[in-house]
Structure formats: structure tokens, C-alpha cells
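Notes follow once the structure below has been shown.
The values are calculated or read from the model by the stated rules, or taken from the named source; none is laboratory data. Bear in mind that the values here come from a model prediction, so they are computed numbers and not experimental data. Glycine also receives a Cβ, built like all others from the backbone with ideal geometry; neighbour counts cover every protein chain displayed. Remember, those area values only see protein heavy atoms, side chains included, never the ligands or the DNA or RNA. Shrake-Rupley method; radii C 1.70, N 1.55, O 1.52, S 1.80 Å.
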Amino acid sequence: MSISRRQVASAALAAVPLALAANGTAQASAGRRQRTIYIAGDSTAAQKYADAAPETGWGMALPFFLHKDRPVANHAVNGRSSKSFVDEGRLDVILGEIRPGDFLIVQFAHNDEKSGDPARYTEPWTTYQDHLRLYIDGARARGARPVLATAVERRRFDAAGNALPSHGDYPAAMRALAGEEGVALLDVQALSLALWQELGVEETKKYFNWTATEQDNTHFNPPGAIAVARLVVRELLRTRVLGPRDVRRVEDEIPESWITWPPAAA
């Protein structure tokens, strides 16, 4: 008799309490157990370096809203789709590190949409969902909690000043998959679109990577990254992935000076 994917995942989850018990005694004396939040995603979330400043991924701002026992491991990389991230072995790296009780936030769509690039393109209702299941199943098999995040919206307005969605069916496909798989969904696409509408055509320029030489309507500067990270944290609270004891400064002003760009990776 063949074993289904769900049976394999269930068996792995059943082993989690044993793994937690094995190291729970040593950690109990040190207070709450550290639980890492991993990010798999694209350039809108990724760590940026000095040569890219002031471009800022929202993952760079996320730690400002979390307590120190909820560290962030940001594996998001520029230009990756749900497919290319897997094909390059980047999901394997995360799954080699992630531990029971950790979280894996998955945000892709910007590059999945590139139909002219077979290395990155996925179709929303088939291969996109198929690849997202690899993240879900991989996290669950290791006792971690997968979390899906719809792709943050670009800065795009019509002539009447209405903020326009730009991700086609990808957000709907992710929402449907989250429902099918029982995975928490952070609806960053809907919330960011509403935020850009509230801010308007001119004010949103202060949140994106608009400089004297560049007009970038996809990537953020520090205020934009902080604003999107705040949306992510609010969604983590709303979906009860995290609790009030896990977060801080949710409604506080975060100084832009807290954002730093380390030297470029070797």
C-alpha cells in the first residue's frame, strides 16, 4: 500500500514532541525557548548590502518588531521565484537548519509571473501551488510551522489615483492553497494595496526606492520596508502565529536610522 504525502507529514509531526522533550530541560532554565522565523522570498524581503542602499527589504525591518527570542533568518534573495529558489537548493539550506517550533514565512510571486523565463515562471493554479507545497511539506516534516504570505504590492496607480493590483491570480492561488492545506495566511498583498491607496500617488514615492537617479516602484526604502514589516507582524498576530509576548513596538515609530546596510557579501 502506498503512503500519501499527508501521511508522511503526519508521521513527522508526531515525532516533534519527542524532539522538543529532548532539549526542553536544558532550555527551560534559560527562559522561553528561542524560535527562529525563517523567510523564503524574493528581493522585496531580502537583505540588502551597502552597494544597494537605500533599497531595503522588509525582512531587514522585521526584527525591530520581534523580541530577541524570536530571531529572523532572512534567506530571501533578489530575483528568485518559488521555483528557482527550490531549484538552486535554497529551500534545502533552510530545511537543513530549521528546527521544531520554528516558523517559515514564504512570499513569492514577483518573479513567478515572468512567463518569458522558464527558470522562474510558474502558473498560478498549477506549478506555483505545487512549488509552495514543497515549502509547506518540508517545514511540517521538520516540526516547523509554514506560513504563506501573499506578495507585497508594487506602487501602481491609474489616472484616477486608484492603487492597482499587479500580481494577477497568484494571491488568489496562494489563498486557496492556504485554505486547502490549513496553513496560516498573511494577506500582505491586500493590506499593502490598501496602504498604498490610503497614502496616494505622491506620498507612496516616500516608501519606495525613488532616488535622484532611479524611480523604482517595486523595491522599498527604509520607511517602506518598516511599513511592510509592520503589516507582516500585525498579520502574524491576527492569525495567532505569534502572540503578544512575541512582538514589540507594533504601533511605535521605528527610526529610519535603525536600518543598516552591511558591506556586500563576499
Filtered residues of segment 222-266 (kept if of a type in the set (A, V, I, L, M) and assigned to a helix (DSSP H, G or I)): Ala225, Ile226, Ala227, Val228, Ala229, Leu231, Val232, Val233, Leu236, Leu237
Among the candidates Gly89, Gly59, Gly96, residue that is open to solvent by less than 40 Å² (accessible area, probe 1.4 Å), over 13 Å from the mean Cα position of the chain (by Cα) and modelled with pLDDT of 95 or more: Gly89
Of residues in segment 176-192 being hydrophobic (A, V, I, L, M, F, W, C) and outside any helix (DSSP H, G or I), the one surrounded by the fewest Cβ atoms within 10 Å (Cβ to Cβ): Ala184
Members of segment 176-201 found to be in contact with an Asp or Glu (Cβ under 9 Å, 6 or more places away or on another chain) and under 18 Å from Leu237 (Cα atoms), listed by number: Ala184, Leu185, Leu186, Asp187, Val188, Gln189, Ala190, Leu191, Ser192
Identity of the residue in segment 152-175, part of a loop (DSSP other than H, G, I, E, B) and open to solvent by less than 40 Å² (accessible area, probe 1.4 Å), that ends up nearest to Gln129 (Cα to Cα): His167
Failed item in (1) more than 30 Å from Arg32 (Cα to Cα); (2) β-branched (Val, Ile, Thr); (3) touching a strand residue (DSSP E or B) at 6+ places or on another chain (Cβ under 8 Å), with Thr213 passing the rest: (3)
Residues of segment 93-126 satisfying the condition of being without any contact (Cβ under 8 Å) to a residue 12 or more places away in the chain and either assigned to a strand (DSSP E or B) or more than 21 Å from Leu185 (Cα to Cα) (or both): Gly96, Ser115, Gly116, Asp117, Pro118
Residues of segment 212-238 satisfying the condition of being closer than 17 Å to Thr44 by Cβ and over 18 Å from the mean Cα position of the chain (by Cα): Glu214, Gln215, Asp216, Asn217
Verdict on Arg245 being closer than 30 Å to Asp137 by Cα, buried (at least 20 other Cβ atoms within 10 Å of the Cβ) and in contact (Cβ under 8 Å) with a residue 12 or more places away in the chain: no
Residue count for segment 216-242, restricted to those that are open to solvent by 20 Å² or more (accessible area, probe 1.4 Å), out of contact with any Pro (no Cβ under 8 Å at 6 or more places or on another chain) and either modelled with pLDDT under 95 or farther than 24 Å from Ala52 by Cα (or both): 4
Among residues of segment 41-68, those that are under 24 Å from Gly143 (Cα atoms), free of Cβ contacts under 8 Å to residues at least 40 places away in the same chain and in contact with a Lys or Arg (Cβ under 9 Å, 6 or more places away or on another chain), counted: 1
Output for segment 45-56, where each listed residue is outside any loop (DSSP other than H, G, I, E, B) and open to solvent by less than 30 Å² (accessible area, probe 1.4 Å): Thr56
